[in-house]
Amino acid sequence: MKYLKINNLLLLLSVSFFLLNCTKNNKTKIEKGNNTYVIKNVNVIPMTKNSDVIENATVVIHNNKIESINNSIPPEATIIDGEDKWLIPGLIDMHVHTLSNGSFSQGYATRGSTVNFNTQNLMTPYIANGVTTVFELSGRLGHFSQRDRIMDKSVIGPRMAIAAVIDGEGNEIKATTPIEGRQSVRNAKGLGYRFIKVYTWLNEETFKAVIDEAEKQNMKVVGHIPTAFDGKPADDLFVPHFGLIAHAEELSKQTNDYSYEKAQEFARLAKENNTWLIPNLSNMVWISKQAESIESIQNLPSLKYVHPLMKSKWLNSNRYHGASPKLIDFYNKQKDFHIQIVKAFKEAGVPMLAGTDAGISGIVWGFSLHDELELLVEAGLTPEEALTSSTRLPAEWLEIDDKTGTIEAGKFADLILLDKNPLEKIGNTRSISGVFVNGKWLDKTEIDTMLLKVAEWNNANKEKYDWKNRKNL
């Protein structure tokens, strides 16, 4: 009887092992079939340096990476017809402000956030527009949670680089002395931030201390030029290791001379200091639009994808609408000068990165990057240069160019399949047939379905959110 029990146990273990192996082998087969894609006969715009279009190419994607270009086609792959289509790297928006959970009132110790956002609804407009990486320039701890949910694939969204904001007033981290500034940088690094954003109200000494400490901590710096520099020589604005200016507006607000010669001076100094620029033309374009008429926002086709709380703010508590004619004229002069800045920076060979200030009123996440690319081309960039500003160059500045930004074997499968050639007309970046997000394929039908869900939720909940009453949420 004892030996019979042992034999039965061995038999049970053998059967279990056999079934486990069958399940494992079957799972491997299923995973291989579901996670391998082949785009056939597609025109690849790789966005590598000095590379030409690869016509009628075969691109193999396995799991979340580009496995090969023009090699053999693996069995059991999902085939995507790329004939007469164009494949480009996923786009990178280098200046966004993504909503995250938070509170508008103090509440009580255990209450938690008073406003909670559906993370997928926030991320859908990005990926629907082929924006597969974003640089969050108003970093909060909630953004780390969003990034983690995207990385564990419970949410389909862009890769997120996050900068901590250090300012002399308000914002997340306040510093009013050089000592506080340096400690703030160290604290931000300890919290997991990789980048520092310097802001408007820092005094000069603290501004310089923050940048110096960031360099010591191997953290790159992006941001504003503080008002403390108003009226000072242009040379003073370009502090060593201040790596990226967040707006062309940071330069235009430092001068009353809106000549091309002044723009050239800024460009020369930026080149000497190795300071790159996010022109952010969208910012002043939209400020001047809504200053003149709130209808510019009311008539936005993409407004239906904006959370009702922000829609209420943009329409009913708009800080730009109602500006005086004198102020509107000033906005327009700045807007025109920003075009001169782009031309001068291009002439000087200063790298420029596409960023939109998404989240500012009128600038809708994801959709705005296509607007920005068109504005950059209108300002003098070629379509290829505009694409470079939103693919390879941002990846280089963020130091993730070994992972994304170009179409090469071994890099992440963050890709956009277009119906039309963006090198002929930059507006063709809108002709999206489908998007790969970290290796996940979303065709046009699925993208439209996801957008529809966002619009329907926003419409169904529009009465629940009033910006003026936000403290009572």
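The values are calculated or read from the model by the stated rules, or taken from the named source; none is laboratory data. The model shown is predicted, which means the values in this text are computed figures rather than measured ones. As a convention, Cβ positions derive from the backbone with ideal geometry for all residues, glycine included, and neighbour counts pool all protein chains shown. For the accessible areas, the whole protein counts, side chains as well, though only heavy atoms, and no ligand, DNA or RNA atoms are used. Shrake-Rupley method; radii C 1.70, N 1.55, O 1.52, S 1.80 Å.
Starting from the amide H of Leu423, placed 1.01 Å from N in the peptide plane, find each other amide H under 5 Å away whose residue is 5 or more places distant or on another chain.
Here the answer is none, since no amide H 5 or more places off falls under 5 Å of that of Leu423.
Kirkwood Rh, the chain, all Cα pairs: how many Å? Can you show the working numbers first?
Numbers: mean 1/r = 0.0416 Å⁻¹.
Averaging 1/r across every pair of different Cα atoms and inverting gives 24.0 Å.
Which value, in nm² and rounded to one decimal, describes the direction-averaged projected area of the C-alpha convex hull of the stretch 166-306? Please list the in-between numbers first.
On the way: hull surface 40.9 nm².
Seen from a random direction, the Cα hull of the stretch 166-306 projects 10.2 nm² on average.
For the stretch 291-304, take each phi angle, set θ = phi - 60°, evaluate the Karplus expression 6.51 cos²θ - 1.76 cosθ + 1.60, and give the result in whole Hz per residue in order, putting x for glycine and proline.
With coefficients 6.51, -1.76 and 1.60, one gets 5, 7, 7, 6, 4, 4, 7, 4, 8, 5, x, 8, 4, 5 Hz.
Which of rounded, prolate, oblate describes the stretch 275-416, given a ≥ b ≥ c as roots of the alpha-carbon gyration tensor eigenvalues and a/c under 1.5 marking rounded, otherwise prolate only if a/b is larger than b/c?
Working: a/c = 2.80, a/b = 1.47, b/c = 1.90.
Verdict is oblate for the stretch 275-416.
Measure off, as a whole percent, the carbon and sulfur share of the 1.4 Å-probe accessible area of the chain, all protein chains present.
About 49 percent, which is the carbon plus sulfur part of the accessible surface.
Which links in Lys311/Lys333; Lys289/Lys444; Lys304/Lys464 stretch past 22 Å when you go from one Cα to the other? Don't skip to the end; give the middle numbers.
Numbers: Lys311/Lys333 28 Å; Lys289/Lys444 31 Å; Lys304/Lys464 15 Å.
From the list (Lys311/Lys333; Lys289/Lys444; Lys304/Lys464), the Cα-Cα distance tops 22 Å for Lys311/Lys333; Lys289/Lys444.
Over the chain, average the accessible area per residue using a 1.4 Å probe and give it in Å², no decimals.
Details: 21800 Å² over 473 residues.
That works out to 46 Å² for each residue.
Report the relative contact order of the chain, percent, no decimals, based on alpha-carbon pairs under 8 angstrom and at least 6 residues apart.
Details: 942 pairs, mean separation 87.3, N = 473.
Rounded, it is 18 percent for the chain.
Compute the signed sum of charges (Lys and Arg +1, Asp and Glu -1) over the other residues within less than 10 Å, Cβ to Cβ, of Asn280.
Values: positive: none; negative: Glu249, Glu250, Asp357, Glu372.
Taking every Cβ under 10 Å from that of Asn280, the sum is -4.
Before rounding to the nearest 500, sum -39500 (n - 2.57) across all DSSP H runs of length at least 4 in the chain and divide by the residue total; then give [θ] at 222 nm in deg cm²/dmol.
Working: 15 runs with 191 residues, N = 473.
It lands at -12500 deg cm²/dmol.
Counting only Cα, what are the radius of gyration and maximum Cα-Cα distance Dmax of the stretch 347-446, in Å?
Just the Cα atoms of the stretch 347-446 yield Rg and Dmax of 13.9, 44 Å.
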